[in-house]
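Worksheet for the structure shown next.
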Amino acid sequence: MRADRCALAVAGVLALSCFIGPIRNPDLWWHLSAGRSIAARHAVPRADFLSHTRLDGAWVDFEWAPQLLYLAVHHAAGYQGLIALRLLLMTGVLACSLALLSLYGAGLYAQAGLILIEACALYPYGDLRPDNFSQLLFALLLLGLEAWRLGRLKLDARRGAAAGGLLFAVWANLHLGLLYGLLLLGLYAAEAAWRGPRGSAKTSAAALGGALLGCLCNPYGLGLFLVLPEHISYMDTISGIICEWKPARFASWWVWPYAALLAASAGGLAAALHSRRSPPAAISLAWVFFAATSIAHERHMAYFAVFTPPLLYTLVAGREWTRRREVRVAALTSAAALAAFLIVAIWPMHRGPRAPMPARELAAYLDANAPALGGLKLFNNWADGGYLGYKLWPRYLVFYDGRYIFHALLMETQQAAFSVERWKEFMDRHDVELACMTRSPLRPTFDHVKRKQGDDVQLRRPYYVKFMPQQRWAMIYWDEREVIFARRDRVDAVWLRAHEYRALWPDDSPHIAYLSDQGLVSAEALEAEARRHAGESAVAAAEGRGLAAWAMGARARWNEPVPR
């Protein structure tokens, strides 16, 4: 094998390795819930059925087709099948980019370097999500438009309308990323109408018209686009809370390949404009749009990463440079740097949970105790809602999950967490009866207590001591991530006496030591709670036993509480 082909093959393997790690997207599970509903009812969802806060409220499920595919793959091949599906989709994206680079006449060394940087820039948002389909169809559309512009693809108005209609009819049932495709197609059509020959203007206008008609070929019709103003109205909310909608965080290492693409393409475009050999206006305007949106919201980095590497080649190199030694050296150097970045930074991120199931033990506990707790109105963490809904519906309805219909509720939750009074009013307003809370070390509270010896001490305690007062709420479960509180007046008192943790609270060792030291809790009671906890949560059993043992010997090591 020639050296350049070998370099491209190695770069391809390294690039694809970005997409074989664990799936970390927690939204996967509500997608599977929706797919399960579609398969059972033979109809797309039009109202929420997974939550008690938005039950029967309108829901436009604009990602229904990927959800059915996820369900089929998961049933046929399990979790590994979903990883394979992601790898297949991202392979298609990179293959389109390679085809476009080849169309420009790029040498294999240049292709190797650019495909590596594209893969590294795609990595942060290349997890399994319906966006993958938009990324693939966007790459395919860009390839087709450039092939048509360069005269490699012959289209008349009739064929252009058919191609645009077919592509966007498929896209409209996959993901709303079709809006970026319409923008790109519209820019090419506008340029063709402005300074292209009459035939090309007619063809591009027909393709755009066919695409607009194709967008209506979905179960919701024009209602599909009502999702867009809802997203825009809550953009300030979600951009401050949800990581993927935040502005680009250039200090984060996973953004560096994107930042390199942004800087190099900006410099290349500026140099091209200065030398009056700028690319077509449609490409320049598209670059400005995707650069601006990717800086404003990290989620758009994927589209920028698909669009920019081929453009970067045309700006920096060009056909006449593909065989020059300088370009080969630059391509090899960039490929080596990106390979090192992938090995040092990205590959370690592949280690971790083999599936996005952080709430697995929580769901198992709720499932096992459904006879006593099922039907209670649940509060859950945003990221856990999808998995809890998938595993526990219809025995439990979740508070919310990652769907857009909960954006207002997410903001309401964030505001309620600022004070104990707001939190109580929030829980009462939604009539929460079962609360799954995060074991966060942030915002601890402090209790001042008096010992038998007569002196006061200050105890550092977890935030939920005040947010979930013991007079009203009973802690019935805890593991390494979360705790569950039940409303005392909503759960059978006999069941509650057998399952409540009265003393052995996580992250509360100073108070446990205080109770033990003052004789307010016996060693036998602590040991009994530790044994029960070990039986409920295998992962955190050692922590429970360690807490009990620590507290039983607290008289000899009263160090953690700080005297006033």
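Ser233 falls short of the stated requirement of being touching a Leu at 6+ places or on another chain (Cβ under 9 Å) and surrounded by fewer than 16 Cβ atoms within 10 Å (Cβ to Cβ). Would you confirm whether or not region 23-37 contains a residue that is in a helix (DSSP H, G or I), closer than 25 Å to Cys120 by Cα and either acidic (Asp, Glu) or open to solvent by less than 60 Å² (accessible area, probe 1.4 Å) (or both)? Looking through region 23-37, at least one residue is in a helix (DSSP H, G or I), closer than 25 Å to Cys120 by Cα and either acidic (Asp, Glu) or open to solvent by less than 60 Å² (accessible area, probe 1.4 Å) (or both). What about His42, is it over 30 Å from Ala339 (Cβ atoms), open to solvent by 40 Å² or more (accessible area, probe 1.4 Å) and not hydrophobic (A, V, I, L, M, F, W, C)? So His42 fits the description; yes. Considering the conditions (1) closer than 27 Å to Asp27 by Cα; (2) open to solvent by 20 Å² or more (accessible area, probe 1.4 Å), Leu98 is excluded by exactly one of them, (1). Among residues of region 59-91 being of a type in the set (A, V, I, L, M, F, W, C) and touching a residue at least 60 places away in the same chain (Cβ under 8 Å), the one that is surrounded by the fewest Cβ atoms within 10 Å (Cβ to Cβ) is Leu87. Looking for something among the aliphatic types (A, V, I, L, M), within 29 Å of Ala339 (Cβ to Cβ) and at pLDDT below 90 - is there at least one such residue anywhere in region 233-244? The answer is no; no qualifying residue exists.
Residue selection: Arg439 satisfies the criterion of being modelled with pLDDT under 90, more than 29 Å from Ser233 (Cβ to Cβ), open to solvent by less than 50 Å² (accessible area, probe 1.4 Å) and basic (Lys, Arg). Within region 376-393, restricting attention to residues that are at pLDDT 95 or above and in a loop (DSSP other than H, G, I, E, B), which residue is least open to solvent (accessible area, probe 1.4 Å)? Result: Asn380. If we keep just the residues of region 460-506 that are in contact with a helix residue (DSSP H, G or I) (Cβ under 9 Å, 6 or more places away or on another chain), aromatic (Phe, Trp, Tyr) and assigned to a helix (DSSP H, G or I), which is farthest from Val432 (Cα to Cα)? Residue satisfying both the conditions and the ranking: Trp495.
Of all the criteria given as (1) at pLDDT 55 or above; (2) part of a helix (DSSP H, G or I); (3) over 30 Å from Lys377 (Cα atoms), the one not satisfied by Leu520 is (2). What pairs come out if I take residues in region 208-223 that are farther than 26 Å from Ala193 by Cβ and pair them with residues that are of a type in the set (Phe, Trp, Tyr) and not in a helix (DSSP H, G or I) whose C-beta lies under 9 Å away, six or more apart or interchain? So the pair list comes out as Asn218/Phe62; Tyr220/Phe62.
The values are calculated or read from the model by the stated rules, or taken from the named source; none is laboratory data. Here the structure is a predicted model, which is why all the values come from computation and not from measurement. Here the Cβ is made from the backbone with ideal geometry for all residues, glycine too, and neighbour counts use every protein chain on show. Just so you know, the surface numbers come from the protein's heavy atoms only, side chains and all, with ligands and any DNA or RNA stripped out. Shrake-Rupley method; radii C 1.70, N 1.55, O 1.52, S 1.80 Å.
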